[in-house]
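Working notes, structure below.
The values are calculated or read from the model by the stated rules, or taken from the named source; none is laboratory data. Treat the numbers as computed from the prediction; the structure is a model and nothing was measured. Glycine also receives a Cβ, built like all others from the backbone with ideal geometry; neighbour counts cover every protein chain displayed.
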Amino acid sequence: MELGEVLRERRKATGRTIASVAVDAGLSVPYIANLENGRGNPTIAALDRLATALGARLEVRIGEEEPPPASAAAELLATSDRAERVIGTLATGGRTRAAIRRDLIATVDSLAVVLGRPVAPADLNRLLDLLQLGLPA
């Protein structure tokens, strides 16, 4: 799979527009559109900013070593439309969606440790309830 396809699929999977990703990454809309269409030669720094804006982690590897397993929390959040809405609401406070998503993934991973079992969708919804209760009215 080509880089542009990966970027577009990741962006669409999170329900984001190119413009919202551009704002979070500090890049221009045409720059990201060109990358998604297979044009341009991005720097590692630009790719890292894009990955962060998309709630992902940039990995640059040379060799045959297998990447670490994906976080169960990241997969759980990726399948939750409600999580994306709550992240969007929290992002109005000045923090980027990517930073909030990263912190929420870490929180859900920690919750799994405390519970001694994988976090279920119902557990995630309870956590999202708590986050929404903490928001100003």
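At-a-glance table
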read-out: Subset of region 1-21 (residues that are in a helix (DSSP H, G or I), under 20 Å from Arg97 (Cα atoms) and either assigned by TED's automatic domain parsing to the domain that holds Asp81 or in contact (Cβ under 8 Å) with a residue 24 or more places away in the chain (or both)); value: Leu7, Arg8, Arg10, Arg11, Ala13, Ser20, Val21
read-out: Qualifying positions in region 32-42 - in contact with a Gly (Cβ under 7 Å, 6 or more places away or on another chain) and either free of Cβ contacts under 8 Å to residues at least 24 places away in the same chain or at positive phi (or both); value: Asn34, Gly38
read-out: Residue list for region 11-61, filter: basic (Lys, Arg) and crowded, with 18+ Cβ neighbours inside 10 Å; value: Arg11, Arg16, Arg49
read-out: Of residues in region 87-137 being surrounded by fewer than 12 Cβ atoms within 10 Å (Cβ to Cβ) and of a type in the set (A, V, I, L, M), the one modelled with the lowest pLDDT; value: Ala137
read-out: Thr92 being under 30 Å from Gly116 (Cα atoms), part of a helix (DSSP H, G or I) and among the hydroxyl-bearing types (Ser, Thr, Tyr); value: no
read-out: The lone exception for Ala51 - which of (1) within 12 Å of the chain's Cα centre (by Cα); (2) in a helix (DSSP H, G or I); (3) at pLDDT below 90; (4) closer than 29 Å to Arg117 by Cα it fails; value: (3)
